[in-house]
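J.: Got a structure here, written out as structure tokens. Questions coming.
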Amino acid sequence: MPAVKMSEGRVALATGGPPLFYRQAAPAEGPARLAVLLLHGIRFSSENWLRIRTLEALAEAGCRAVAVDLPGLGNSRDAAAPAPVGELAPGDFLKQVSEVLKLGPAVVVSPSLSGMYSLPFLLQHGGMVRAYVPVAPICTEKFSAEQYKAVQTPALIVYGDQDTQLGEVSLNNLRNLANHKVVVMKGAGHACYLDNPEEWHRVLLEFLQSLE
């Protein structure tokens, strides 16, 4: 199994205020082949990505994986959010995060609440998004079918078949993305990556491999 280098730190943004917390994993030797930015939902932080070994799985596959705790959540609970929960955050917010962390074009993994951050970033700064992996995110209804169809970024839409509310609603909107695949995780709920981490890692890594 390849050696992995783990670290953590804080991201200070130009907007000021308390910095955001992040954890990251990268191959211990050699350059990373892809950067992956992991966001989270309201009950899911960088600690959970570490607990189910998503950070390690990505680093073992040769990626640089960075999990950021969003404002008001996890170890970033003191940071002020740029928008109320359920409203769209400015697309420049994740643009700053990506630039400070020097990610370059990154694969953005966006479950649940983080949709309010990732969707504006995707639609406004698509050149900074190598690929998009939405997992039943919120706020998908705030964009039109035409706006989604204009996005050429490769996308892997993932949701659990027991998530008959947000999972299906988000799928109905996100399937308008021009270049997408859909994976339905059987027997899994809203946080499908928690219900079956092994399957989650398999489908995520297969998708990343297809980008090369």
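J.: Residues of region 60-76 being crowded, with 16+ Cβ neighbours inside 10 Å and out of contact with any strand residue (DSSP E or B) (no Cβ under 9 Å at 6 or more places or on another chain), which ones?
T.: Selection gives 73 alone.
J.: Does residue 132 satisfy being under 23 Å from residue 32 (Cα atoms), aromatic (Phe, Trp, Tyr) and at pLDDT 95 or above?
T.: Numbers: under 23 Å from residue 32 (Cα atoms): yes; aromatic (Phe, Trp, Tyr): yes; at pLDDT 95 or above: yes.
Here the answer is yes, as residue 132 does meet what is asked.
J.: Being over 22 Å from residue 21 (Cβ atoms), of a type in the set (Val, Ile, Thr) and touching a helix residue (DSSP H, G or I) at 6+ places or on another chain (Cβ under 7 Å) is true for just one of 183, 133, 107. Which residue is that? Can you show your working first?
T.: Numbers: 133 fails: over 22 Å from residue 21 (Cβ atoms); 107 fails: over 22 Å from residue 21 (Cβ atoms).
One residue alone meets the criteria, 183.
J.: Test of understanding: among 57, 26, 35, 79, which residue is touching a Leu at 6+ places or on another chain (Cβ under 8 Å), among the aliphatic types (A, V, I, L, M), surrounded by 21 or more Cβ atoms within 10 Å (Cβ to Cβ) and part of a strand (DSSP E or B)?
T.: On the way: 57 fails: part of a strand (DSSP E or B); 26 fails: touching a Leu at 6+ places or on another chain (Cβ under 8 Å); 79 fails: part of a strand (DSSP E or B).
It is 35.
The values are calculated or read from the model by the stated rules, or taken from the named source; none is laboratory data. The structure presented is a predicted model; accordingly, all values stated were derived computationally and were not measured. Here the Cβ is made from the backbone with ideal geometry for all residues, glycine too, and neighbour counts use every protein chain on show.
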